[in-house]
Amino acid sequence: MAETITDGNTMMEDTMVEDTEAPSPPPPPAAVSKNGRKAEGNSIFSWIFVLALLGAWTAVGVVWFDIVDYDTVVGTLVPYDIDGDGHLGLEDAKVLLGLKEKPVARETPPHTPVTDTSDEQDVRSDLRREAEPTVAKSEFVNTASSEQDSFNIDSTAADAGLSRLEQEFTPFDPIEDNFDSFPQEENPDTIDTTGELVVEYLPEETEDPRAPDSTQDMEGANPEPTAESAAEVTQDSTPVLPETTAQSAPQSPQDTTQSNTAEETPTEVTGKKKKPKMFNKFDKTIKSEIDTAEKLRKKGKAEEALRAFEGLVQKYPHSPRSRYGKAQSEDDVAEKLRSNDMLLKAVNSYKDAAELPDAPVALIKAALKRRADRQQFLGRMRGSLATLQLLVQTFPDDIALQNDLGVAYLLIGDNKAAKKVYEEVLVKAPSDGFAKVHYGFILKSENKIAESIPYLREGLESEAAGTDDGRFYFHLGDALQRVGDQSAYEWYERGHKRGHFASVWQRSLYNVNGLRAQPWWTAKETGYTDLVKTLERNWITIRDEALSVMNASSGLFVAEDENLREKGDWGQFTLWQQGRKVASSCRSVPKTCALLDRYPEATSCKRGQIKFSVMQPGTHVWPHTGPTNCRLRMHLGLVIPRDGCRIRCTDHTRGWEEGKVLIFDDSFEHEVWQDADSYRLIFIVDVWHPELSQTQRQTLSPI
């Protein structure tokens, strides 16, 4: 009963083999000397014969009970090599069992060694050439804003739909890397492309929640076949394009244990399931050793797997599959230990695996795609971009890789380069839904509202992977509203039903779940009555300082640049941004800043601003929503014309009063009109949502 052998879902006990063990063959006759007498002991030939018979019956047992992968059980017992293939294997055992007839002997042609295809040789020669980066300077770099008008919003991994674990995986300082030929950014921007309502998971929670539809690994659940493997199925077929990982959020490294093994999941090619070739000819000869190490990795024994693969790399330095396994194991250990240093090792090991001369095409693609993903996770956006550029150069017909490259450009704010990529994709694949929604998004960022609508709509209607994203529902609805099309709310409703929005009215994407949600608030409901009283008691002082900086010669007010105005003039003068004081501004209005310094609910609000806002007559602000439900917005009236100024939040409209505070939740849709005959001046103070704990306020990322 001793030991249980487990392989996938098949489990059998050693005793089963014992119960059915074939009887031992009779001992061979003793050797006879030349003079006719028996020689003492047995000859060496006799023992070889005994071992040969035992080997043959062992092979029979292996086949009958399906104990192991017979492809790995090879021998050299020529007398029992029934099918003439040079070793004792599966077909020999089947003949011995009577499961098939013995083949008729025939003359076999001489063996021709397998050589690499021309495609593989081209791929490797491309990899050996240095990829020349083609990053263009962005003309559409979006700065962090209070509205959801930007693909490149300034937020951390927490707001990109990533798990709490990934939030704690702190990006490190850039380190020199051969592929990363760009200067690294100190604070690289990240985006949310999960297509889900982003819920903030905070340290006090006990679970480690994950988005249910998080992206598959670069080389994981849907690996693409190589041209070589496709040709083996049919000469006329072409490889099936994989789903790009840029079509959803960056994956947590914790998922790598289950999904970053490309060779294990079959891909459909012309009706047949075929695994991409991750083993070259040499790796097949050491497959049993690689499989042993890989089993450790799959069982979650990351450190043991890493040691095993490191041993293989040391023993077989030119084995691509061993190096790839080492990279995967380092990836797993990095997740387990939350080690940036270890993850950097994995990034470099993926590159090493792809650069080996005899690396299979499928392994090259898988390794580089995973490398780009891990670079992006670490905040090395330009390094990831360089890797994706290399991939696109190496695999120019892979539309999914081009889509990934477009997203990489968007991540660094280079909308112009991204636009060019998606234009090229749509020439090759006019119905590609992923390219359409991103191209539509870029057009809208250029304020080409009407032009963006068909791309956003058709992209969402395609339901292609990566299109079910809250941003695209948000911007399609917004574009439709701006052209006066009331079907906007139908798309908002679809977005709500898909979980992207809390409601049709409340369409923020960076949210903490469970916070009280209502458009209008009273001072008592917020709990910030002392702050409200201070603002209202000192409104004249605040107004006078605001008027002093409105002097035309000072030019301290900056025009609103978030593309929220249909028409008119709207200027702002900021005192605090993302919880940080703007010292130069406060020197111009010292009394106002001194008043606010006493209220951390406002000054420490990393998801808000404190600023003066002046709006000239004839201004209209489009219906819009703020980016997060984590703040409330206070408006203190300073200079309010008698008629013509109003603000709508959901379906309720109000006006301002001088010396009075209005409080609303700007994650709900709101709209502003200024139809008076003189300017309107207010003081805007954002505060933390009162239901957020102190720990939450400290750990939430800035917006």
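Numbers at a glance
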item	result
Matching option when the condition is out of contact with any Ser or Thr (no Cβ under 7 Å at 6 or more places or on another chain), modelled with pLDDT under 95 and not small (G, A, S), among T270, T292, T285, T265	T265
Answer residue from region 544-559, given it is under 24 Å from I663 (Cα atoms) and open to solvent by less than 60 Å² (accessible area, probe 1.4 Å) and is nearest to the chain's Cα centre (by Cα) among those	F557
Per-region count, region 568-591, residues in a helix (DSSP H, G or I) and either open to solvent by 60 Å² or more (accessible area, probe 1.4 Å) or under 26 Å from H689 (Cα atoms) (or both)	7
Matching residues in region 625-649 - criterion: being open to solvent by 10 Å² or more (accessible area, probe 1.4 Å) and not small (G, A, S)	N629, R633, H635, V639, I640, P641, R642, D643, C645, R646, R648
Residue in region 418-438 that is of a type in the set (S, T, N, Q), assigned to a helix (DSSP H, G or I) and touching a helix residue (DSSP H, G or I) at 6+ places or on another chain (Cβ under 8 Å) present	no
Within region 651-703, tally of residues that are among the hydroxyl-bearing types (S, T, Y) and open to solvent by less than 10 Å² (accessible area, probe 1.4 Å)	2
Residue count for region 337-367, restricted to those that are touching a residue at least 40 places away in the same chain (Cβ under 8 Å) and either of a type in the set (A, V, I, L, M) or assigned to a helix (DSSP H, G or I) (or both)	17
Test: F501 is closer than 30 Å to L662 by Cβ and of a type outside the set (V, I, T)	yes
Residues (free of Cβ contacts under 8 Å to residues at least 60 places away in the same chain and among the small types (G, A, S)) located in region 623-681	G644, G655, A676
Qualifying positions in region 454-464 - surrounded by fewer than 22 Cβ atoms within 10 Å (Cβ to Cβ) and outside any loop (DSSP other than H, G, I, E, B)	P454, R457, E458, E461, S462
Strands (runs of 3 or more DSSP E) completely within region 607-703 that count 2 or more residues being out of contact with any Cys (no Cβ under 9 Å at 6 or more places or on another chain)	609-615, 619-624, 631-639, 645-649, 652-654, 661-664, 680-688
Residue that is surrounded by the most Cβ atoms within 10 Å (Cβ to Cβ), among those in region 373-409 that are farther than 22 Å from G433 by Cβ and aliphatic (A, V, I, L, M)	L385
Residues of region 592-609 classified as closer than 21 Å to H689 by Cα and in contact (Cβ under 8 Å) with a residue 40 or more places away in the chain, total	12
From L388, L296, residue being within 24 Å of the chain's Cα centre (by Cα) and among the hydrophobic types (A, V, I, L, M, F, W, C)	L388
Residue pairs meeting the criteria (Cβ under 8 Å; at least 6 apart or on separate chains; first closer than 15 Å to G477 by Cβ, in region 446-458; second open to solvent by less than 70 Å² (accessible area, probe 1.4 Å) and of a type in the set (S, T, Y))	Y455/Y439
Scan of region 592-606 for residues that are part of a loop (DSSP other than H, G, I, E, B) and surrounded by fewer than 24 Cβ atoms within 10 Å (Cβ to Cβ), ordered by number	D597, R598, Y599, S604, K606
Scope region 463-499; condition among the basic types (K, R) and touching a strand residue (DSSP E or B) at 6+ places or on another chain (Cβ under 8 Å); matching residues	R482
Close pairs (7 angstrom Cβ cut-off, 6 or more residues apart or separate chains): touching a residue at least 40 places away in the same chain (Cβ under 8 Å) in region 481-501, open to solvent by 10 Å² or more (accessible area, probe 1.4 Å) and of a type in the set (V, I, T) anywhere	R482/I449
Some residue of region 349-362 being of a type in the set (K, R) and open to solvent by less than 10 Å² (accessible area, probe 1.4 Å)	no
Residue, nearest to E493 (Cα to Cα), within region 438-453, restricted to residues that are under 20 Å from the mean Cα position of the chain (by Cα) and either open to solvent by 20 Å² or more (accessible area, probe 1.4 Å) or among the aromatic types (F, W, Y) (or both)	F441
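The values are calculated or read from the model by the stated rules, or taken from the named source; none is laboratory data. Quantities reported herein were computed from a predicted structural model and do not represent experimental measurements. So basically every Cβ, Gly included, is an ideal-geometry build from the backbone, and we count neighbours across all protein chains shown. Note: accessible area is taken over every heavy atom of the protein model, side chains too, but ligands, DNA and RNA are not part of it. Shrake-Rupley method; radii C 1.70, N 1.55, O 1.52, S 1.80 Å.
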